[in-house]
1. Give me the base-10 log of I(q)/I(0) for segment B:63-167 at each q in 0.10, 0.19 Å⁻¹, Debye formula, one uniform scatterer per Cα, rounded to two decimals.
2. For chain B, what is the charge dipole size about the Cα centre, in debye to the nearest 20, if Lys and Arg each add +1 at the Cβ and Asp and Glu each add -1 at the Cβ?
3. Please name whichever of A:SER44, A:ILE62, A:ILE108 sits farthest to the positive end of the charge dipole of segment A:25-127, dipole taken about the Cα centre and charges placed at Cβ: Lys and Arg +1, Asp and Glu -1.
4. Starting from the Cα coordinates of segment B:1-139, work out the convex hull volume and express it per residue in Å³.
5. Given the Cα-Cα distance of A:GLU100 and A:ARG278 and 0.36 nm per residue of separation, how much length would full extension add, in nm?
6. To the nearest 10 Å², what's A:GLU279's accessible area with a 1.4 Å probe?
7. Loop-only check: which chymotrypsin sites (Phe, Trp or Tyr not before Pro) in segment A:533-574 are DSSP coil with at most 15 other Cβ within 10 angstrom?
8. Quick check: the distance between the Cα centres of segment A:415-462 and segment A:246-266, to the nearest angstrom?
Amino acid sequence: MKSINEIEEIRKKKREELDLRVNIQAKGIEKHILVCHGTGCTSSKSVDIIHKFRKIIEEKNIKNVRVIQTGCFGLCSKGPIVIIRPEDIFYSMVTPNDCEEIINNHIIKGEIVERLLCKDIDGTEVKRLDELNFYKKQQRIALKNCGVIDPENIDEYIAFDGFKALEKVLTTMSRDEVIQEISDSGLRGRGGAGFPTGKKWSFVKLEPEGQKYVVCNADEGDPGAFMDRSILEGDPHSVIEAMMIAGYAIGADKGYIYVRAEYPIAVHRLEIAINQEREYGLLGKNILGTNFNFDVEIRLGAGAFVCGEETALLESIEGKRGQPRVKPPYPAHSGLWGKPTLINNVETYANITRIILNGAKWYAGIGTKTSKGTKVFALGGNVNNVGLVEVPMGTTLREIIYDIGGGIPNGRKFKAAQTGGPSGGCIPKEYLDTPIDYESLNSIGSMMGSGGLIVIDDTKCMVNLAKFYLDFTVSESCGKCTPCRIGTKRMLEILEKICNGKGKLEDLDNLNKIANTVKNASVCGLGQTAPNPVLSTMKYFEEEYKDHVLNYECKAKECKSLTKIEINPEICRGCGLCKKACPVSAIEGEPGKKHHIIQDKCIKCRTCMQKCPFKAIN
Amino acid sequence: MHEKQLNCDNCMEKNVKNEVENMLKNYTKEKDNLIKILNEIQTKYGYIPQIAQMAVSNYLDMPLAEIYGVITFYSRFTLKPKGKYNVSVCLGTACFVKGSKELLERAKSKLGIEAGETTKDGKFSIDETRCVGACGLAPVFTINNEVYGKATVKKIDEVIEEYMQKD
């Protein structure tokens, strides 16, 4: 078991050693090659890159160079990403074949490999990460260590103020002071609903002393959101440390992390983190020589969206079907096995240590009047820079999508932004300049949700999108309460009818009525928010719904029954690219002559549309 | 049927039963271990065989129906074996808006099965998944553990062809 002094010693020594990670002017001859080992980059073979670098370094017997696997740098669409420190040179879309050149030219000769540098959207070449427009408006608090430290090495976490907040809390603060600090910071739940975190903590503390639990909700079910996973993959200790601080404050000695089994890398990193903490005596009995005891266990989810709902999650931890409980009683009063339980989301926890170290006042100085701090968004869909962004609350959608995200690719136009996943709504371009916080999103019919932000361009049909979300909620509805189980199914049927060209005007009325019933009468958050994608698209894109039911037309050409893909003979030059690309051989035409599509064979996959250099197909 | 399976010498069920019983020794008999145990069985066999359910039922002293209820609730657990090559198309939102539905349709028509089914020869199965987390590479499909990003209908065609040539 390590004492406070021993941890401090590790911190000092390691911090000096790792100065080059954050200080571009760091002295010394050592170089670190940082390679992203998050899920995005791993999917494009970043592990092979790490192996290749290590192999070359060993073969050439190069000294003073280390290859480090880190968490996500954020800019996933440019992955796999490699960064060389201390000079902070940033290489994008690296393959294992590039490793030799990076070592020979950059590491040995000190020459930058120009061809691997990243080009910003405006075409300027970028050498350093912070020169990218993508990073300029970001402020990293929850993601601070992601991409800086090796998440599988506890000493690196300790070097960057790891466990300093825990030490401060255990040795200098009373339990009430901790809760007061969190309350003063204005931090609100990052899982979606935005309940004030300090208040939640105080409710659990007020319960009579006895067995209490701290739970971390890492069941990130929103398709398209991956910030919780990235935090667990890039900085697992910060979440566990925050759970300990929460445990101290509310009087709990046991924590559970409920994480999706679909996140194998995150689970693996958590296991390593917990083992290392136990080894250092940071989990277990008499932590840091005080009389505080705490231990953490991982529980795996098994693919049920509803388990992100706190009471369903508790049921699942208990080994049962994840069906929500009726509230009240709230988990703070009767949670896991009937005991008082505190549940917070991963990103909420990731803010705690910073608040304790930098003070509530600092945190409350960031953000808007009602929503403090920063929020991490998983920016995806039809946008140039796909990845994770952390911005102060109050940043506008336009800043996120255009300044950070680099706008819409392929010369298309912005149509809507979808926030909050299947529980959220679609925001049209009129609201691009709304400063984002919990209240503003609710007032325009969407919600913060966990922070998925999907950009939709003008080739997408909003009715079809609403159908997509409904399809999701229908299959994820747990079936416990009738409005959600039957209501969502009926809504989906109506949407299918509309998309198939069989809808009538009165269907829109019915859809609206059912949606409101489901919203008002469902037991849990899943059902209460499931109609949001339908209601918001009906509100902002009413014309599109009407086109479907009155004119039997889908202007975006997504609803197959209502569309035909055709080649414009005026523009076609007979290059044959479309014919070659068609997977079902539905295109006919001699080289140099006009081509045409055989409608019976066409599966409307649009591959030809993407291939045509003359934009003759639509 | 239960008896018959237990009396069957050298059959697969018996092996599975023994293996699962050995596996169970690593767990205490608390009922909240159920999902953990099922996760391990699913990972090992690619589905949850009936004989394994019975073993778990005995061990945790829980009715089989309750275990069945839990299995059918969670999408990760399956009662049927998956194919040797499991084609899994991501239908997360980021992939959806980039056309992953077309990929799924193509995989289905190419293999002649629906999502959740396995081909008769046991070689292929198709799954719909919700977000594998590689949104930067959307649209994405996976075959076993291999991830194919920035996919097109043509690409999924070619990749499936490739696997068809394999054993």
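The values are calculated or read from the model by the stated rules, or taken from the named source; none is laboratory data. All values reported here derive from a predicted model rather than from experimental measurement. Note: ideal-geometry Cβ built from the backbone for every residue, glycine included; neighbour counts use all protein chains shown. Remember, those area values only see protein heavy atoms, side chains included, never the ligands or the DNA or RNA. Shrake-Rupley method; radii C 1.70, N 1.55, O 1.52, S 1.80 Å.
1. -0.29, -0.91
2. 340 debye
3. A:ILE62
4. 131 Å³
5. Details: separation 178, 0.36 × 178 = 64.08 nm, distance 3.93 nm.
Fully extending the segment from A:GLU100 to A:ARG278 adds 60.2 nm.
6. 140 Å²
7. Those that pass, being in a loop and sparsely packed, are A:TYR552.
8. Cα centres, segment A:415-462 to segment A:246-266: 30 Å.
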